[in-house]
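The values are calculated or read from the model by the stated rules, or taken from the named source; none is laboratory data. Model, not experiment: these values are computed from the prediction. Cβ coordinates were reconstructed from backbone atoms using ideal geometry, including for glycine residues, and neighbour counts include every protein chain displayed.
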Amino acid sequence: MSIVLMSQATKPAQLQQLIADYPAWSFKTPATLTAADYDQVVVMYGNHPLLKQFLASPTSQLKFLQVISAGVDYLPLAALKQAGVLVANTSGIHADAISESVLAAMLTIVRGYHAAWINQTGDQQWSLPQLTTTLTGQQLLIYGTGEIGQATAAKAQAFSMQVVGVNTTGHPAPHFDKTVALDATAEVLKTAKFIVNALPLTPTTHHLFDHQCFDQVAQQPMFINIGRGPAVNTADLVAALDAHQLSWAALDVTEPEPLTATDPLWQRPDVLITPHVSGQIAHFRETVFPIFAANFNQFVKNGDLARNQVDLGRGY
């Protein structure tokens, strides 16, 4: 009997519905799966260390992997592609949470709430050490015009920001006033007051934000990373902050991750750090499961996926 390895926890009702709808399939967890079952695993819901073992086996029957994250850079993409495994992510479910986190980071700084908190826990003076300003009319430069980028752009437009997007070719995208190609960002970097990285991690985007990028800015922008830590050369980021090329950095992801308790980034007054929580949402299992359910249903029918299929060659 073909097996679905349920590495991702589900609610009891969700699992019972699967069992009822697909009686020809067996649903097992890593705890109930035995070595004798390995070659019967056709579908995986959630990543698990057993994946590498399956891919290394010439008799593996694995054909579909549903992960619960938007990014897939941590997966052995080349091996999955070679084995002919279909992979789906959960791109889109984090868009509202992450875009709200981006707006929160910007507003925390420009409206003086960070300074107010420091004052409240320190000098407690009836004044702030900075002038507050607004987001209105400021240019927001977003690298990545997918669902997260679009959600961020839509919210930024509600604050009357000028929103510029960066993608591979410069093709138009909803909610952006303008888009430019990844290799044509020099002019928009000069005018950006806020820069957001919402790109997937690929060989092209690894350390994309380095001294060559930061040397092109002119408005002392705030840099916000909600993509992947290795997209940023941390040493170059620190140098740009030290040189006041950048005014602030808000980092939800870092390299390395997690940061050690002694990492100097923690102590910087011009860095806001959140521990990779910008995408957290309520009722996660209820949100993720329908994507898997739709894909599994389509896979059983004809071997295809209904949504969120990853291009293993491109890495997203």
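PHE292 falls short on exactly one of the conditions (1) free of Cβ contacts under 8 Å to residues at least 12 places away in the same chain; (2) at negative phi, and that condition is (1). Whether a residue is out of contact with any helix residue (DSSP H, G or I) (no Cβ under 8 Å at 6 or more places or on another chain), among the aliphatic types (A, V, I, L, M) and not in a strand (DSSP E or B) was assessed, and LEU135 does not pass this test. State whether the residues of segment 279-297 include one that is within 25 Å of VAL42 (Cβ to Cβ), crowded, with 18+ Cβ neighbours inside 10 Å and among the β-branched types (Val, Ile, Thr). Within segment 279-297, one or more residues are within 25 Å of VAL42 (Cβ to Cβ), crowded, with 18+ Cβ neighbours inside 10 Å and among the β-branched types (Val, Ile, Thr). In summary, ALA240 fulfils each of the numbered conditions (1) crowded, with 20+ Cβ neighbours inside 10 Å; (2) under 21 Å from the mean Cα position of the chain (by Cα); (3) of a type outside the set (Val, Ile, Thr); (4) closer than 15 Å to LEU251 by Cα with the single exception of condition (2).
Screening ILE148 on (1) in contact (Cβ under 8 Å) with a residue 12 or more places away in the chain; (2) touching a Leu at 6+ places or on another chain (Cβ under 9 Å); (3) not in a loop (DSSP other than H, G, I, E, B) shows it passes everything except condition (2).
Which one is farthest from MET106 (Cα to Cα) among residues in segment 259-316 that are charged (D, E, K, R) and at pLDDT 95 or above? Among those residues, the one meeting the criterion is LYS301. Of all residues in segment 271-316, those satisfying the criterion of being out of contact with any strand residue (DSSP E or B) (no Cβ under 8 Å at 6 or more places or on another chain) and hydroxyl-bearing (Ser, Thr, Tyr) are SER278, THR287, TYR316. Counting only strands (runs of 3 or more DSSP E) wholly contained in segment 1-115, no element carries 2 or more residues that are under 22 Å from the mean Cα position of the chain (by Cα), at pLDDT below 95 and surrounded by fewer than 20 Cβ atoms within 10 Å (Cβ to Cβ). Within segment 170-189, residues that are without any contact (Cβ under 8 Å) to a residue 40 or more places away in the chain and farther than 9 Å from THR145 by Cβ have Cβ atoms under 7 Å from residues that are surrounded by fewer than 16 Cβ atoms within 10 Å (Cβ to Cβ) and among the β-branched types (Val, Ile, Thr) in these pairs: ALA181/THR168; ALA181/THR169; LEU182/THR168, counting only partners at least 6 apart in sequence or on another chain.
Suppose we filter segment 52-74 for residues that are farther than 23 Å from SER2 by Cα and touching a Gly at 6+ places or on another chain (Cβ under 9 Å); how many remain?
So the answer is 5.
Can you name the residue in segment 177-217 that is in a helix (DSSP H, G or I) and charged (D, E, K, R) and, of all such residues, is surrounded by the fewest Cβ atoms within 10 Å (Cβ to Cβ)? Per the stated criteria, the residue is GLU187.
Would segment 156-167 turn up any residue that is modelled with pLDDT under 95, in contact with a Leu (Cβ under 7 Å, 6 or more places away or on another chain) and over 30 Å from HIS48 (Cα atoms)? Taking every residue of segment 156-167 in turn, none turns out to be modelled with pLDDT under 95, in contact with a Leu (Cβ under 7 Å, 6 or more places away or on another chain) and over 30 Å from HIS48 (Cα atoms).
Could you go through segment 216-235 and let me know if any residue there is among the polar types (S, T, N, Q) and within 16 Å of the chain's Cα centre (by Cα).
Within segment 216-235, one or more residues are among the polar types (S, T, N, Q) and within 16 Å of the chain's Cα centre (by Cα).
Within segment 231-264, being within 23 Å of VAL72 (Cα to Cα) and in contact (Cβ under 8 Å) with a residue 60 or more places away in the chain holds for ALA250, ASP252.
Considering only segment 218-234, state which residues are farther than 24 Å from ASP311 by Cβ and either charged (D, E, K, R) or outside any loop (DSSP other than H, G, I, E, B) (or both). If the condition is that a residue be farther than 24 Å from ASP311 by Cβ and either charged (D, E, K, R) or outside any loop (DSSP other than H, G, I, E, B) (or both), then MET222, PHE223, ILE224, THR234 are the ones that fit.
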